[in-house]
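Structure first, then comments.
The values are calculated or read from the model by the stated rules, or taken from the named source; none is laboratory data. Every value quoted in this text rests on a predicted model; they were computed, and no experiment measured them. Note that each Cβ is placed from the backbone with ideal geometry, even for glycine, and that neighbours are counted across all protein chains shown. Each accessible area value is taken on the protein alone, full model and side chains, heavy atoms only, with ligands, DNA and RNA left out. Shrake-Rupley method; radii C 1.70, N 1.55, O 1.52, S 1.80 Å.
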Amino acid sequence: MKVTVIGAGAIGGNLAAKLSTAGHDVQVADARGPEAVRAEVLESGARTVDLADAAVQGRDVIILSIPFGVAGKLADLFASVPDETVVIDTANYYPGMLSEPIEAVDHGQVESVYTAEQLGRPVIKAWNAALAETQRTKGVPAGTPGRLAIPVAGDSDKARKVAMSLVDDTGFDPYDTGTLADSWRQQPNSPAYCTELTLDELPAALAAADRTKDAAIRDSLPERFAALGADPTVDDVVEMNRAAHR
């Protein structure tokens, strides 16, 4: 597929590298300019484009790996993107930490529903519920015992299946979580969020989500993270997230 990744941070960079390694035609753009794209992201064949050219005709998939709440700034860019282009949102809302508070989301609007409204088109929610380091280091071929799963939500069956095939290509079992309205179950800090679960374990974690409790756990992240001490490992962070639901 022809894939454009907008945002070359940890998640976007991982996806650009992994999808180009898997054989996809990958472009990557960043608001900071092409020089912001790390060299290792391009080693497998991904190439940089200017942000203004990132949503040109002829791309099958556009992956948004940008800070939550800024999608509206790209609405004009997306106005000419064909309806059949699959748009995938990877962002998470951390008010007061990684984002300014957003009243609509604070009052219950689902994160990616908000993003879709700001962007002016439907989106699929994927890759948001796994740590960047998990995505970088723990992807394995399909069929490997203990392969970790990533939830995928969206309103279009066809677009959701496209996103699921790409999740598989990045080394994880995709799990269909249904509509975008239900994607709150994979938002921070639900039992399914950044807890490294397999395909057999993920459904129960999604079912156990509690919007009020999970938001409170999310908002306690600075204190919990500080308690880990200096240089926590990815396993330390995963255990912290799991422990919050015990």
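Net charge near Lys2, counting Lys/Arg +1 and Asp/Glu -1 over other residues with Cβ under 15 Å of its Cβ?
-3
Quick one: length gained pulling Ser99 to Arg242 fully straight, 0.36 nm per residue minus the C-alpha distance? Mind showing how you got there, number by number?
Working: separation 143, 0.36 × 143 = 51.48 nm, distance 2.37 nm.
Difference between extended and current length: 49.1 nm.
Give the calculated FRET efficiency between Asp219 and His107 to the nearest 0.05, with a Förster radius of 22 Å applied to their Cβ-Cβ distance. Mind showing how you got there, number by number?
Details: r = 15 Å, r/R0 = 0.68.
Result of the calculation: an efficiency of 0.90.
Under a 1.4 Å probe, what is the accessible area of the chain per residue, stated in Å²?
Ligands and nucleic acids excluded, the result is 44 Å² per residue.
Once every DSSP H run of n ≥ 4 in the chain is given -39500 (n - 2.57) and the sum is divided by its residues, what mean residue ellipticity at 222 nm do you get, rounded to the nearest 500 deg cm²/dmol?
After summing the helix terms and dividing by the residues of the chain, the value is -8500 deg cm²/dmol.
Determine how large the accessible area of Thr48 is when every protein chain is in place; take a 1.4 Å probe and give Å² rounded to the nearest 10.
Counting only protein heavy atoms, the figure is 50 Å².
Would you list the P(r) distribution for the chain, with all Cα-Cα distances sorted into 5 Å bins from 0 and each bin expressed as a whole %?
Per 5 Å bin, starting at 0, the Cα pair percentages come out as 1, 7, 14, 19, 21, 18, 12, 6, 2, 0.
So how far, in whole Å, is the C-alpha centre of the stretch 58-129 from the one of the stretch 8-40?
18 Å
Using the C-alpha atoms of the stretch 133-246, what convex hull volume per residue, in cubic angstrom, is computed?
With only Cα atoms used, the stretch 133-246 gives 101 Å³ per residue.
Compute the helix-to-body angle for 234-243: its Cα long axis versus the longest principal axis of the chain, expressed 0 to 90° and rounded to tens.
The answer is roughly 50 degrees.
Tell me which lysines have Cα within less than 21 Å of Lys161's Cα, excluding those fewer than 8 residues away on the same chain?
Within the straight-line cut-off, Lys161 pairs with Lys2, Lys18, Lys125.
Kindly provide the pair-distance distribution of the stretch 193-246 built from C-alpha pairs, with 5 Å bins from 0 and whole-percent values in order of increasing distance.
Bins of 5 Å from zero give 4, 18, 28, 25, 16, 8, 2 percent of pairs.
Note down the nm distance, to one decimal, between modelled labels 7 Å out along Cα→Cβ at Ala36 and at Val70.
Taking the simple label geometry, Ala36 and Val70 are separated by 0.5 nm.
Of Tyr175, Tyr114, which has the most accessible area and how do the rest follow, probe 1.4 Å?
So the residues, ranked largest to smallest area, are Tyr175, Tyr114.
With the contact rule set at Cα under 8 Å and sequence spacing of 6 or more, what percent relative contact order holds for the chain?
15 percent
Around His24, with a cut-off of 14 angstrom between Cβ atoms, what is the net charge of the other residues, counting Lys and Arg +1 and Asp and Glu -1?
0
How high is the relative contact order of the stretch 126-173? Use alpha-carbon pairs under 8 Å, at least six apart in sequence, and give a whole percent.
49 percent
Add +1 for every Lys or Arg and -1 for every Asp or Glu among the other residues with Cβ under 14 Å from the Cβ of Pro203, and state the total.
Around Pro203, the surrounding residues sum to -4.
So for the pair Asp53, Asp155, with labels modelled 7 Å out along Cα→Cβ, what separation do we get in nm?
Between Asp53 and Asp155, the simple spin-label model gives 3.3 nm.
Roughly what % antiparallel, to the nearest 5, for the DSSP beta bridges in the chain?
10 percent
Can you compute 3J(HN,Hα) from phi for each residue in the stretch 185-192, using the Karplus curve 6.51 cos²θ - 1.76 cosθ + 1.60 with θ = phi - 60°, rounded to whole Hz and x for Gly and Pro?
5, 10, 7, x, 10, 6, x, 8
What list of ³J(HN,Hα) values in whole Hz, one per residue of the stretch 31-36 in order, does the Karplus curve 6.51 cos²θ - 1.76 cosθ + 1.60 (θ = phi - 60°) give from phi, with Gly and Pro shown as x?
4, 7, x, x, 5, 7
How would the stretch 124-190 be classified by its alpha-carbon gyration tensor: rounded, prolate or oblate, with rounded meaning a/c under 1.5 and the a/b versus b/c comparison settling the rest?
Oblate.
With each pseudo-label sitting 7 Å past Cα toward Cβ, what's the Arg211-Val234 distance in nm, one decimal?
Between Arg211 and Val234, the simple spin-label model gives 3.2 nm.
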